[in-house]
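Have a look at the structure below before the remarks.
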Amino acid sequence: MAVAREDVLDALRQIKHPEESQDIIRLDMVKDLTIEDGRASFTVVVKDPDSAFANQVEEACQRVLHEEVSRGLSVDVEVDSEMIPLGDDVMMGEGETMQQTSGEDGVQNTIAVASGKGGVGKSTVAVNLAMSLSEQGYEVALVDTDIYGPSIPKMMGMEGEKPRVNDERKMVPLEKHGIKTLSMGFMVDPDQAVVWRGPMVTKAVRQFLGDVDWGDIEYMILDLPPGTGDVQLTIVQTIPLTGAVIVSTPQDLALADARKGKAMFDNVNVPVVGMVENMAYFSPPDQPDRKYYLFGREGAHELARELDVPFLGEVPIQQEIRKSSDQGTPIVRSAPDSASTQAFAGIADQLTEQVALRNAEDDPTQKIEILYE
Ligand code: ADP
């Protein structure tokens, strides 16, 4: 019997934690999920093993999986109490520590948005993906780590604003369009950053993210600098990432660079949870059903297949995307009914699905290694 992993997750989403009022997938309570030969096995990690919920959850899992997936599925559920003390200080080599950005301080998933080269719409995708997740009810943070050309403050309409520091000497992110936002552009002069090497970037990222009052965040979206060099590598090694999204346009040159992006994340064991094709096609406003494939057709889609990476979706070229970014209200908010907004909503759906699968099947990415040159 072939059982789809997505179907198992969807069924388990029906089980809500009574106190948290969220489902057990969104709360990352399902771990070590394997599905093979008509058998689904997993562990449900609970805070209090003596609670009424802990006592009932196994039966609830059995029931929803038999009802929603298949009566014939054999279901193997273990209930365990919380096992990973996330949020502890993490050793970073040379005796230094950094407070993890995930775990206790309330950041559940950190997703880096990357591209092999500049100008493919990486920041545009990062911003609109963050907005779509927020529209879907998630608590979202958006972090601009593009030290060379920070564009998030402009796209979010917060140019010139500076974060304040609270009584505990923690930086308070700026809140705009319902999203907590910080940009390294607040701290770093892009003209100086151009000559930085890895260790300087590490120091800046650590200072920048080390002491921030994020509160509870379900998705932190990090906009990386374009490219796959030393600086990008340093950033993805400094921050414990749940996964990465690679943005590409359909033409060959961009795709060759997207391939390098995948190799970079493979090197540091960060799973690529998806690929997005931006500027996939153009539909004239007076012919919304026509699609012109200006940069080639489905290139990123094919590359995703070849690299065995989930394809999250495609975004059309739309003048309104650029205009709304320039004006500081991303298209997901400024034109909620547009084709592009629908595309971003679909991409956000796919992303949450892939992240849920990754969290249920694999251990969290926790290890932080800093390579000093
Ligand atoms: P990157 O972060 O990859 O350098 P940006 O997100 O800054 O790229 O996008 C580069 C330019 O292209 C911006 O002016 C942006 O508004 C525009 N742009 C990005 N994606 C689209 C799209 N799908 N349709 C129209 N313009 C776009």
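The values are calculated or read from the model by the stated rules, or taken from the named source; none is laboratory data. Only a predicted model underlies this, so the values are computations on that prediction, with no experimental measurement involved. Here Cβ is always computed from backbone atoms with ideal geometry, including for glycine, and neighbour counts include all displayed protein chains. Side chains are part of the model used for accessible areas, which takes the heavy atoms of the whole protein and leaves out ligands, DNA and RNA. Shrake-Rupley method; radii C 1.70, N 1.55, O 1.52, S 1.80 Å.
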**Asked** Given H placed 1.01 Å from N in the peptide plane, which residues other than close sequence neighbours of residue 243 have an amide H under 5 Å from its amide H?
**Response** 110, 112
**Message:** Apply the Karplus curve 6.51 cos²θ - 1.76 cosθ + 1.60, θ = phi - 60°, to the phi angles in the range 243-254 and return the couplings in whole Hz, x for Gly and Pro.
**Reply:** x, 10, 10, 9, 9, 9, 8, x, 7, 4, 4, 5
**Complete:** Amide H contacts under 5 Å for residue 283, restricted to residues at least 5 apart in sequence or on another chain and with H modeled in the peptide plane, are 292, 317
**Request:** Could you do me a favour and compute the accessible area per residue for the range 5-80, 1.4 Å probe, result in Å²?
**Result:** 53
**Request:** Provide 176, 47 ordered by accessible surface of protein heavy atoms (probe 1.4 Å), highest first.
**Result:** 47, 176
**Item:** Cα-Cα P(r), the chain, percent of pairs per 10 Å interval
**Value:** 5, 23, 32, 25, 12, 2, 0
**Fill in**
The long-range amide H neighbours of residue 22, using H built 1.01 Å from N in the peptide plane and a cut-off of under 5 Å, are 17
**Request:** Please give the calculated 222 nm ellipticity per residue for the chain, where each DSSP H segment of at least 4 residues contributes -39500 (n - 2.57) and the sum is spread over every residue; nearest 500 deg cm²/dmol?
**Result:** -10500 deg cm²/dmol
**Item:** Entries of 260/291; 176/260; 180/260; 170/203 with Cα pairs more than 23 Å apart
**Value:** 260/291; 176/260; 180/260
**Complete:** Ordering 276-286, 165-175 by per-residue average of other C-beta atoms within 10 angstrom, highest first, gives 276-286, 165-175
**Request:** Could you please state how large a percent of the accessible area of the chain is carbon and sulfur, counting protein chains only and using a 1.4 Å probe?
**Result:** 45
**Message:** If I ignore ligands, DNA and RNA and count only protein heavy atoms, how much of residue 268 is accessible to a 1.4 Å probe, in Å² to the nearest 10?
**Reply:** 30
**Per-residue HN-Hα couplings for the range 9-15 [Karplus 6.51, -1.76, 1.60; θ = phi - 60°; Hz; x = Gly/Pro]** = 4, 4, 5, 5, 4, 6, 8
**Asked** Residue farthest toward the positive end of the dipole of the chain, with Cβ of Lys/Arg at +1 and Asp/Glu at -1: which of 214, 285, 21?
**Response** 285
**Item:** Contact order relative to length of the chain, as percent, for alpha carbon pairs under 8 angstrom and 6 or more apart
**Value:** 19
**Request:** With θ set to phi - 60°, apply the Karplus curve 6.51 cos²θ - 1.76 cosθ + 1.60 along the range 20-28 and write out the HN-Hα couplings as whole Hz, x wherever there is a Gly or Pro.
**Result:** 7, 6, 10, 7, 5, 6, 4, 7, 6
**Complete:** Residue-normalised value, i.e. accessible area per residue, for the range 145-268 at 1.4 Å probe, in Å², stands at 41
**Message:** Among 328-337, 1-10, how do they line up by average Cβ neighbours within 10 Å per residue, starting with the highest?
**Reply:** 328-337, 1-10
